[in-house]
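Colleague: Take this structure first; my questions come after.
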Amino acid sequence: MVGAPMPLDFVVLFCLASAIAAVEETLMDTRTATAELGWTANPPSGWEEVSGYDENLNTIRTYQVCNVFEPNQNNWLLTTFINRRGAHRIYTEMRFTVRDCSSLPNVPGSCKETFNLYYYETDSVIATKKSAFWTEAPYLKVDTIAADESFSQVDFGGRLMKVNTEVRSFGPLNRNGFYLAFQDYGACMSLLSVRVFFKKCPSVVQNFAIFPETMTGAESTSLVIARGTCIPNAEEVDVPIKLYCNGDGEWMVPIGRCTCKAGYEPENNVACKACTAGMFKANQGAGTCTQCPSNSRSTSEAAHICTCRNGYYRADFDPSEVPCTTPSTVPIMHQVSASMRSITLSWPQPEQPNGIILDYEIRYYEKVSRICIPEISSTMGARPSTDHNEYNSSMAKSQTNTARIDGLRPGMVYVVQVRARTVAGYGKYSGKMCFQTLTDDDYKSELREQLPLIAGSAAAGVVFIVSLVAISIVCSRKRAYSKEAVYSDKLQHYSTGRGSPGMKIYIDPFTYEDPNEAVREFAKEIDVSFVKIEEVIGAGEFGEVYKGRLKLPGKREIYVAIKTLKAGYSEKQRRDFLSEASIMGQFDHPNIIRLEGVVTKSRPVMIITEFMENGALDSFLRQNDGQFTVIQLVGMLRGIAAGMKYLAEMNYVHRDLAARNILVNSNLVCKVSDFGLSRYLQDDTSDPTYTSSLGGKIPVRWTAPEAIAYRKFTSASDVWSYGILMWEVMSFGERPYWDMSNQDVINAIEQDYRLPPPMDCPAALHQLMLDCWQKDRNTRPRFAEIVNTLDKMIRNPASLKTVATITAVNTFMPLFDAGRTWKEASPDSEAYHRRPVLVFRWQAGHALQMSCDLLRVMPSSRVKNMLHPDEQRKEESSRSSMHCPSQQSPRRVHSQ
């Protein structure tokens, strides 16, 4: 789909990133004519159509005029009607020769070596023979065409052709077609050929998306949006997918991308090829197909998982890259206790259970010979000899790895085996182990030995109870006279020693022995009959997200967002899913997403929160680019800061504060969301991201340097992330650090690079961002201070009128490419072509580094506005003398 043209001043500037030549579609070319052209000349004694030869001696139809000896020449030549075929800007290529006036003897002073080019736009063919057309038609002048070379009589005699080629463009055109007109006013010339064409950006595949052939805009500086569609077997990753076609028919840098879906791998960056049999690719992305793991296979193409061979299994929570294995067995059993008629046993879980263990099956029988070879100590049983009878085996079940076998005979030896059952079925039985019940004498002896212990325990219990009562009486009296009350329970801790009196303190649900208890403590159970699911609005880590309605008894019906847990989940996945509810349930603030409750007693398991009509803040800002005033944006930032102040006071560290995790309601109230598990750094340093145990990734470009280097997450690291979020908001959802790789971001931050101010960003706001990005976390402002600062800005809007410029960036912050190790790169490497270049310096010792990247995306006029008048001439000289590489790292820059 081709959108409306966008002026260059209105859109963000991009560096050219494509070497594909523009497509030129010809509307008229006189070189291909085999008959008379039939153009109209006025007066008839002016232009004359003749057959001639070009410089390659090919026959061509030309028009000539040479009335140089007659004064006051005004000779017009009009083409036939040319249909524009939807083009808005037309190019005309003219090849011509001109006689040198000085080589003509006795020529009057009216001899010219130039001619004029005009065009006339119309919807239909007109009668050009009428004289009124020549005197009244509203011609529009394109340009005066001058020859670079003219020929003399000597050249003509020597058959030396000095052909000039000139190209001119004009537009915008809105009617069906147009005429071209050539005006001679005293030249001796020959119009050898005229080619009329328009330019298009060619159809191209970039970022695994197909972009259609797209006409250029009406102006030479126009940009036309082309929407892309994913190539077959690819899926969208970043949307919208679009390219900009510039006025020269060249593509700009693509926005958004597709990647090959699971089961398909990239092929030459233009196609997604299916994985062959025996290969697989588990996830969507740029990865390639890999060989199936051991003991698994894929029998068809485009496999995203390899199935286990017969007799081999893979656990439910194992990733698809893990080899399939045979069911493992319980390695050994231990006797916990024994009586005359029972034995209590325990055993460790199998090392590779091939899924969640549903239960255990115990097989046992009474041994005939009572002889066991003592290969293992008697406390753990002994391996039986082979002289036994196992035809009369009994079975027992156990939900845990401990079981009590009852109904046994006193003083008998029993052979016991155990095996585990998963969704894949039963595993193998463990080795046979012998255990013996107590005889009557053994039981009496054991009882006599335990009598003193029982009596002593009873006496100790009485003493303990008496002591407990005495202590409680003393403590209650002290409480009566104490001025500082200390109260705590599992929901909220009140402490006079920390924070404000009565301040609620966050409790990590994973400190509970049973995480389900945290869910019961902090989240309200909702009957599923009160919930109505309406439509799918997205997909989360564990399942789909729905929009629905909630009608609780005695309350009005409200819209809610419903997160669901997909079927086939493990107990660990269920705990992790509900942990977010345990966290959200502890918060109560207008700028924190509100938990309505959970549904755990029916399927599917649900987390129900308030519904936010405008969705995530980053996509909301991109959809409404430029639609909000600075005060509105500051109001949004103030709400987010207030929510984070509340979390910081509760001692909760968010770790993933970014615009994508802020939700916006219909009143533009912003609320903090996404309270997942803690993250840790991946080993893959080429793409360092934080990965939670849930599998979600957090780009390092939002993360404070101490959190990257030392995994030190605090409220101060959340403040750093808040500064990046401020930059996102003021740039209307721009990606921080543009397309720099994560490693480049880490290197640049380490070398004190900080993001420049977004376009039209007030200087006070950018200074607050820089304060949030202090390397020393102890010098960063606290969220309470940030809220106060934003409140002052809102009360005094005049403080936001001063717009930040790139010159406001501190001198210790070099712009762009600060993290690239180009000095060590070879001259033909990408890193070398992105090396920083010093262009100019401020006076009074204030140095400002600029790069080729910045010059390519910033017009010269805007750079001049940043300089003192005395420096403008130096900047022009520097710009003209620079030899920047033709292909730069594409980057969006908001300049002032």
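Colleague: Restricting to region 288-305, count the residues that are at positive phi and of a type in the set (S, T, N, Q).
Modeller: Number satisfying all stated conditions: 1.
Colleague: While we're on this one: Taking region 542-574, which residues are surrounded by fewer than 16 Cβ atoms within 10 Å (Cβ to Cβ) and of a type in the set (Asp, Glu)?
Modeller: 557, 571
Colleague: Among the residues of region 247-295, which ones are touching a Leu at 6+ places or on another chain (Cβ under 7 Å) and open to solvent by 20 Å² or more (accessible area, probe 1.4 Å)?
Modeller: 250, 254
Colleague: Which residue pairs have Cβ atoms under 8 Å apart, sit 6 or more places apart or on different chains, and have a first residue in region 403-424 that is closer than 14 Å to residue 350 by Cβ and a second that is basic (Lys, Arg) and assigned to a strand (DSSP E or B)?
Modeller: Filtered contacts from region 403-424: 417/363; 418/363; 419/363.
Colleague: Please name all residue pairs, on different chains or six or more residues apart, with Cβ atoms under 6 Å, provided the first residue is in region 563-580 and is touching a residue at least 60 places away in the same chain (Cβ under 8 Å) and the second residue is of a type in the set (Val, Ile, Thr) and crowded, with 20+ Cβ neighbours inside 10 Å.
Modeller: 578/519
Colleague: Hey, another quick one. Any chance region 182-197 includes a residue that's open to solvent by 30 Å² or more (accessible area, probe 1.4 Å), in contact (Cβ under 8 Å) with a residue 24 or more places away in the chain and in a loop (DSSP other than H, G, I, E, B)?
Modeller: The answer is yes, given that some residue of region 182-197 is open to solvent by 30 Å² or more (accessible area, probe 1.4 Å), in contact (Cβ under 8 Å) with a residue 24 or more places away in the chain and in a loop (DSSP other than H, G, I, E, B).
Colleague: Let me ask another. Just give me the residues in region 607-631 being surrounded by fewer than 13 Cβ atoms within 10 Å (Cβ to Cβ) and either basic (Lys, Arg) or not in a loop (DSSP other than H, G, I, E, B) (or both), in sequence order.
Modeller: Within region 607-631, just 631 meets the criteria.
Colleague: State which residue is nearest to the chain's Cα centre (by Cα) when the search covers only region 321-347 and only residues that are among the β-branched types (Val, Ile, Thr) and open to solvent by 60 Å² or more (accessible area, probe 1.4 Å).
Modeller: Only one residue tops the list, namely 326.
Colleague: Mind checking whether some residue in region 730-739 is within 23 Å of residue 240 (Cβ to Cβ), assigned to a helix (DSSP H, G or I) and either assigned by the TED database to the domain that holds residue 630 or under 18 Å from the mean Cα position of the chain (by Cα) (or both)?
Modeller: Within region 730-739 (the criterion being within 23 Å of residue 240 (Cβ to Cβ), assigned to a helix (DSSP H, G or I) and either assigned by the TED database to the domain that holds residue 630 or under 18 Å from the mean Cα position of the chain (by Cα) (or both)), the answer is yes, since at least one residue qualifies.
Colleague: Restricting to region 725-744, give me the number of residues that are modelled with pLDDT of 90 or more, out of contact with any Leu (no Cβ under 8 Å at 6 or more places or on another chain) and not polar (S, T, N, Q).
Modeller: Of the residues in region 725-744, 2 are modelled with pLDDT of 90 or more, out of contact with any Leu (no Cβ under 8 Å at 6 or more places or on another chain) and not polar (S, T, N, Q).
Colleague: State which residue is nearest to the chain's Cα centre (by Cα) when the search covers only region 644-662 and only residues that are outside any loop (DSSP other than H, G, I, E, B) and under 23 Å from residue 700 (Cβ atoms).
Modeller: 660
Colleague: If residue 594 meets every condition in (1) outside the structural domain of residue 782 (by the TED database); (2) in contact with a His (Cβ under 8 Å, 6 or more places away or on another chain); (3) not small (Gly, Ala, Ser) apart from one, which number is that one?
Modeller: Residue 594 satisfies all of (1) outside the structural domain of residue 782 (by the TED database); (2) in contact with a His (Cβ under 8 Å, 6 or more places away or on another chain); (3) not small (Gly, Ala, Ser) except (2).
Colleague: Out of 784, 763, I need the residue that is closer than 17 Å to residue 717 by Cα and either touching a residue at least 60 places away in the same chain (Cβ under 8 Å) or surrounded by fewer than 18 Cβ atoms within 10 Å (Cβ to Cβ) (or both). Which one?
Modeller: 784
Colleague: Okay, moving on. Out of (1) within 27 Å of residue 636 (Cβ to Cβ); (2) under 25 Å from the mean Cα position of the chain (by Cα); (3) of a type outside the set (Lys, Arg), what's the single condition that is false for residue 550?
Modeller: It fails just one condition, (2).
Colleague: Please go through region 574-583 and pick out each residue that is within 12 Å of residue 604 (Cβ to Cβ) and within 25 Å of the chain's Cα centre (by Cα).
Modeller: 577
Colleague: Now for a different question. Filtering region 94-124 down to residues that are surrounded by 12 or more Cβ atoms within 10 Å (Cβ to Cβ) and part of a loop (DSSP other than H, G, I, E, B), which residue is modelled with the lowest pLDDT?
Modeller: Across region 94-124, the extreme among qualifying residues is 108.
Colleague: What is the residue count in region 210-223 for residues that are assigned to a strand (DSSP E or B), under 22 Å from residue 83 (Cα atoms) and open to solvent by less than 10 Å² (accessible area, probe 1.4 Å)?
Modeller: 1
Colleague: Kindly indicate whether any position in region 571-586 is aromatic (Phe, Trp, Tyr), closer than 29 Å to residue 504 by Cα and not assigned by the TED database to the domain that holds residue 640.
Modeller: yes
Colleague: Turning to a different aspect of this structure: For region 88-108, name all the residues that are of a type in the set (D, E, K, R) and closer than 15 Å to residue 151 by Cα.
Modeller: Those that are of a type in the set (D, E, K, R) and closer than 15 Å to residue 151 by Cα: 95, 99, 100.
Colleague: Test each condition in (1) open to solvent by less than 20 Å² (accessible area, probe 1.4 Å); (2) part of a strand (DSSP E or B); (3) at pLDDT below 90; (4) of a type outside the set (Lys, Arg) for residue 51 and report the one that comes out false.
Modeller: The one condition residue 51 does not meet is (1).
Colleague: Being over 27 Å from residue 87 (Cβ atoms) and surrounded by fewer than 19 Cβ atoms within 10 Å (Cβ to Cβ) is true for just one of 207, 233. Which residue is that?
Modeller: Sole residue among the options that is over 27 Å from residue 87 (Cβ atoms) and surrounded by fewer than 19 Cβ atoms within 10 Å (Cβ to Cβ): 233.
The values are calculated or read from the model by the stated rules, or taken from the named source; none is laboratory data. Model, not experiment: these values are computed from the prediction. When we count neighbours, we look across all protein chains shown, and the Cβ atoms used for this are built from the backbone with ideal geometry, even at glycine. Areas reflect the complete protein model, heavy atoms only, side chains present, ligands, DNA and RNA absent. Shrake-Rupley method; radii C 1.70, N 1.55, O 1.52, S 1.80 Å.
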